[in-house]
Amino acid sequence: MKMKQLLSALLAFAVLFSVMTACGNTSTDELSSGEGTASGETAGDDTATYVNRDNVYAYDEEAPSLYEAFSQWFKVGTAMNPSDLVEGTEEFEILVKQYNIFTLENGSKPDAMHPSEDVYNFTQLEQLVEFANEYDKSVRGHTLVWHSQCPDWFFYDDDGNTVSADVLVERLIEHVTTIVSHFKGEVDVWDVVNEVLGDSGGLRDSMWYQIIGDYDGDGDSYDYIEIAFTAAHEADPDARLIINDYSLESSESKAITMYMMVKSMLEEGIPIDGIGLQMHVDYTVDVDTVRSNIEILLKLRNIDPDFVIEITELDMSCFTWSDTSTEVELTDEFVEQFDTKYTELFELFIELAEEGTLDSVVFWGYNDGATWLNSYPVSGRTNHPLLIDSDYKLKSAYWSLIDLAESKS
Ligand code: 9MR
């Protein structure tokens with residue numbers, strides 16, 4: 001009990017520290033809905049360094065394969081949508097050729113899979129699982145519990161009143177158990193909870209947190225997280241269970257808060273296998289900071305030697321957070337910096353893989369024409385955050401990573 005109080009005090013300190021220092025980090029909270037829209041912009045002409053090496057397309061037979069290039073270290077994946085799974089299309093060829101782990105961009109979120117209490121809709125994730133089985137790929141389930149894209153029925157009764165903690169706990173367990181059991185042995189890893197930390201430090205003030213709170217009366221208020229992980233583990237003991245969040249790579253205070261919370265839960269025996277770093281960075285990302293924040297999180301291996309991190313939603317915006325412009329000039333100098341940052345990040349990922357702490361790097365989308373960053377945080381923007389352009393040509397950043405893999409092999 002004393003240890004618990006000490007941990008609570010330390011967590012409270014981390015929360016306070018977060019409030020004081022968390023400003024300025026990329027926030028993906030309160031996201032506007034709507035998938036990334038393809039822009040009419042062609043992302044550089046054929047002579048720009050941005051697309052070098054003879055305009056090779058990502059689906060070309062002679063193009064290299066990202067996941068094959070990095071296969072000795074980690075899986076390489078992408079977020080996608082079921083419309084990409086039409087056999088014979090360029091999109092389908094790109095997925096098969098370039099990636100070996102997949103996340104549905106929206107189709108396995110609570111609003112899609114469990115829109116009302118008695119209705120489950122597994123179709124989109126089933127389609128992805130079928131594809132994965134046929135082509136020997138892995139599937140990430142994203143996400144069981146989130147404050148966003150979560151239907152109201154969870155939190156209210158028929159009269160519109162907020163439900164009790166008992167009712168919400170029952171609904172939570174039923175939700176997690178039903179979905180994870182349905183995909184037992186088929187979905188390899190689940191983002192059990194997403195974005196549970198707030199932007200001003202500590203736990204996010206979500207309905208989950210507000211209603212369930214300190215359900216077991218032990219002094220901490222992350223019981224809904226503990227309940228979700230426990231139920232997921234019971235439903236599929238072999239699935240890897242991840243706690244996923246953003247800005248962990250850029251905000252030391254957020255990384256410390258996450259570390260403290262997960263440490264406390266691991267010590268209580270909650271089955272958390274790893275932390276997902278979404279990694280929505282921009283072209284100025286400081287890779288030394290990314291490294292040191294990851295080192296903080298990996299201290300959890302002192303408690304669970306098998307604890308891992310995953311990169312779950314990687315992209316690199318061509319705009320800093322405070323920049324509200326809609327276009328960016330892709331000068332040689334800019335492209336060089338962009339490519340160098342991607343290379344430095346992948347050097348770090350290789351190091352982590354070699355020490356056995358990372359085995360999966362997933363991009364949030366596979367081409368610049370369909371990225372959420374074309375509509376967020378500034379709508380109508382033309383962003384270029386990925387390795388494949390909106391025409392499906394391989395960008396110089398892609399080739400930099402292929403060169404890196406070859407030089408390290
Ligand atoms: O890319 C997703 C976008 O199409 C949705 O409109 C949005 C709704 O919140 O969610 C986006 O995906 C998010 C992911 O689920 C969690 N981390 C941040 C991602 C980008 O917003």
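Among residues of the stretch 138-149 that are closer than 15 Å to P115 by Cβ, those with a beta-carbon under 8 Å from a residue that is more than 7 Å from the ligand (Cβ to nearest atom) and assigned to a strand (DSSP E or B) at least six positions away or on a different chain give the pairs L144/W190; L144/D191; L144/V192; L144/V193; W146/V193.
Taking the criterion of being under 28 Å from I227 (Cβ atoms) and touching a residue at least 12 places away in the same chain (Cβ under 8 Å), the residues of the stretch 281-303 that qualify are N293, I294, I296, L297, L298, K299, L300, R301, I303. Does any residue of the stretch 335-344 turn out to be of a type in the set (F, W, Y), surrounded by 14 or more Cβ atoms within 10 Å (Cβ to Cβ) and part of a helix (DSSP H, G or I)? Among the residues of the stretch 335-344, at least one is of a type in the set (F, W, Y), surrounded by 14 or more Cβ atoms within 10 Å (Cβ to Cβ) and part of a helix (DSSP H, G or I), which makes the answer yes. On inspection, Y215 qualifies as at pLDDT 95 or above, within 22 Å of D152 (Cα to Cα) and either of a type in the set (G, A, S) or assigned to a loop (DSSP other than H, G, I, E, B) (or both). Under the condition of being of a type in the set (A, V, I, L, M, F, W, C) and within 13 Å of the ligand (Cβ to nearest atom), the residues counted in the stretch 80-112 number 3. Checked against (1) within 16 Å of the ligand (Cβ to nearest atom); (2) surrounded by fewer than 17 Cβ atoms within 10 Å (Cβ to Cβ); (3) not acidic (D, E), H147 meets all criteria but (2). Only a single item in (1) within 16 Å of the ligand (Cβ to nearest atom); (2) aromatic (F, W, Y); (3) farther than 23 Å from D359 by Cα is not met by Y222, and it is number (1). For first residues located in the stretch 116-133 and farther than 14 Å from L95 by Cα, partners that are aromatic (F, W, Y) and surrounded by 15 or more Cβ atoms within 10 Å (Cβ to Cβ) and lie 6+ apart or on another chain with Cβ distances below 6 Å form the pairs S116/W153; E117/W153. Would you confirm whether or not the stretch 348-359 contains a residue that is part of a loop (DSSP other than H, G, I, E, B) and surrounded by fewer than 17 Cβ atoms within 10 Å (Cβ to Cβ)? Within the stretch 348-359 (the criterion being part of a loop (DSSP other than H, G, I, E, B) and surrounded by fewer than 17 Cβ atoms within 10 Å (Cβ to Cβ)), the answer is yes, since at least one residue qualifies. In the stretch 55-65, the condition of being in a strand (DSSP E or B) and either of a type outside the set (G, A, S) or surrounded by fewer than 18 Cβ atoms within 10 Å (Cβ to Cβ) (or both) is met by at least one residue. Check the stretch 110-132 and report whether any residue there is under 28 Å from S247 (Cα atoms) and at pLDDT below 95. No, the stretch 110-132 contains no residue that is under 28 Å from S247 (Cα atoms) and at pLDDT below 95. Kindly indicate whether D288 is more than 16 Å from the ligand (Cβ to nearest atom) and among the acidic types (D, E). Judged against the criteria, D288 is a match.
The values are calculated or read from the model by the stated rules, or taken from the named source; none is laboratory data. Just so it is clear, the model here is predicted, and its values are computed rather than measured. In this analysis, Cβ positions are derived from the backbone assuming ideal geometry, glycine residues included, and neighbour counts consider all displayed protein chains.
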